[in-house]
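Working notes, structure below.
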Amino acid sequence: MVMTQTGVIPTVSYFLVLLRPVPDASATEPPWQEHVHFIDEMVSHGAVLLGGDLDPPVAGARAAYLLHTSTRAEAEAWTGRDPLVRQGSYAPEVIEWSLVGIALNAIHPGPETAGMTAGSTDTSTERTDRRCPSQC
């Protein structure tokens, strides 16, 4: 919650994950295909809302994604499973971001986009659980 002169504005906690390339890892090709599959898995669990490359990089981060999880620990668990992080190609920074939900439909996707994956144009109306799977 954010206090203003006119009252309380409800906020929703999200976690911004910044991905910075690790300089010594440049000799090894990052596992891009595995990363795409991992993003699709996070989409199917409703954990990731958006993500992509940063151009130009921001504070050394070349990519980022926004997670909607119950806790920082859950966001860090998801991030630790990212193949780019596991392989050591990218170092993550997880930042809690309290968003003020002014346009809720812009923050929370409607049923027409809830089932979409990174490479999908499917507009399934099935909603997914926001919980991390047991292996997380």
* Place the peptides 50-59, 80-89 in order of packing, highest mean first, counting for every residue the other Cβ atoms within 10 Å and averaging per peptide. => 80-89, 50-59
* What FRET efficiency do you get for residue 86 and residue 11 if R0 is 30 Å and r is their Cβ-Cβ distance, rounded to the nearest 0.05? -> 0.45
* To do: Compute the convex hull volume of the Cα atoms of the stretch 12-107, divide it by the residue count, and report the result per residue in Å³ as a whole number.
  => 103 Å³
* Asked: Put a dot 7 Å past each Cα toward the Cβ at residue 72 and residue 93; how far apart are the dots in nm?
  -> 1.4 nm
* To do: Between residue 58 and residue 28, with labels modelled 7 Å along Cα→Cβ, what's the label distance in nm to one decimal, could you check?
  => 2.8 nm
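Readers should treat all values here as calculations from the given coordinates under stated rules, not as data from a laboratory. Just so it is clear, the model here is predicted, and its values are computed rather than measured. Note that we place each Cβ from the backbone using ideal geometry, even for glycine, and neighbour counts take in every protein chain shown.
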